[in-house]
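To start, the structure itself, in structure tokens.
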Amino acid sequence: MMEIMWGQTSLSAITLILYAAAEGTSIAHLRTDQKSYGKATSLLLLAGFLIHWVALYVGARAAHSVPYRDLPASMSFFAWVVIGAYGILLLKHRESSTGPFLIPISLLFLVISIFAKQNGHGDLKDLGLKGPLFAFHVTMAIVGYAALSLSFVLAQLYLIQNKQIRRRHLGLLFSRLPALDVLTRLHRTAVAIGLSALTVAAVLGLIWARINWGTYWDPKVLFTFLIIGIYLFTLFPRWIGWGGKKIALLSVTGFMFVLFSYTIVNLFISQGHTFK
């Protein structure tokens, strides 16, 4: 077991180095706009993404489940999904200038997952948390949170770009960042991915809870539907007649609830959605 843990840690460390190198080349690409840096970033992220998957697989085999048993393992999986979601944005919109601002999310969560104290790899079957329905529910929830994390950073970039335009302070960052309409499309895609995944996770979770707990109720449910409601307004701004800066601020507010739900609710409030 210890050999497996050390193997997973080593793979995670290699992944961290590759992601950090990708962050470096993405910053260089932002500053110089040289295509070689952009290609290097993509290759480093792809290599890191694949090695990270192997690390997650090793951890999942040791835990006899998917890799989200405790908070550190969940954060590592979260970091992996963030890179995957960023890859989708990159393929769909062909806009790499946001990389220096989005990759650090994955770096942060991966660093925490490596250095945080883990509780060991118990079998989730012993905790009653089992079955493909449960696994898919949690996986989709983390995918949703990861995509909404990217939307948070994109909303921040929108606010920064909008502020520069209003103050007529057009420096290097303005020239390198995407235009406001491009940031809006990137944000919309990230929210659409996150909202779809979180909605699927909520529905599957309700079904699983009814079958295994005999009830739908848990404080996590309330916060999840609150988050879905907030992000629906950012995805369909015409419902409230808002746009631009107000939608970006609403997205930032929504992410505060995401953080609260992912941490405080899971750790201290919910009885069923706790990290074991």
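Helix 71-93 sits at what angle to the longest principal axis of the chain, using alpha carbons and giving 0 to 90 degrees rounded to 10?
40 degrees
Return the subset of LYS220/LYS246; LYS92/LYS163; LYS92/LYS246; LYS39/LYS220 for which the Cα-Cα distance in this structure is over 31 Å, preserving the input order.
From the list (LYS220/LYS246; LYS92/LYS163; LYS92/LYS246; LYS39/LYS220), the Cα-Cα distance tops 31 Å for LYS39/LYS220.
Take peptides 78-87, 237-246, 143-152 and line them up by average Cβ neighbours within 10 Å, highest first, as a rough protection proxy.
143-152, 78-87, 237-246
Would you work out the charge dipole size for the chain about its Cα centre, treating the Cβ of every Lys and Arg as +1 and the Cβ of every Asp and Glu as -1, and quote it to the nearest 20 debye?
Here the chain has a charge dipole of around 920 debye.
Roughly what would the spin-label model give for TRP213 and ALA179, points 7 Å off Cα along C-beta, in nm?
Distance between the two pseudo-spin positions: 4.8 nm.
Go from 0 up to the bin containing the longest alpha carbon distance in the chain, width 10 Å each, and give me the % of pairs per bin.
Spelled out bin by bin, the chain gives 7, 28, 33, 23, 8, 1, 0 percent.
Along Cα→Cβ, 7 Å out, is where each label goes; now give me the distance between the ones at LYS92 and LYS39 in nm to one decimal.
With each label placed 7 Å out from Cα toward Cβ, I get 2.7 nm.
Angle between the Cα long axis of helix 180-212 and the longest principal axis of the chain, 0 to 90 degrees, nearest 10?
Orientation of helix 180-212: about 10 degrees from the principal axis.
For the stretch 46-58, just list the computed ³J(HN,Hα) in residue order, Karplus coefficients 6.51, -1.76 and 1.60, θ = phi - 60°, integers in Hz, with x standing in for Gly and Pro.
5, 4, x, 4, 5, 5, 4, 4, 4, 4, 5, 5, 4
Enter the angle in degrees (range 0 to 90, nearest 10) between the Cα long axis of helix 245-260 and the first principal axis of the Cα atoms of the chain, meaning the one along which they spread out most.
Computed tilt is about 20 degrees.
Read-outs: derived from the displayed coordinates by stated rules, not from any lab. Since this is a predicted model, take the numbers as computed values, not measurements. Note that each Cβ is placed from the backbone with ideal geometry, even for glycine, and that neighbours are counted across all protein chains shown.
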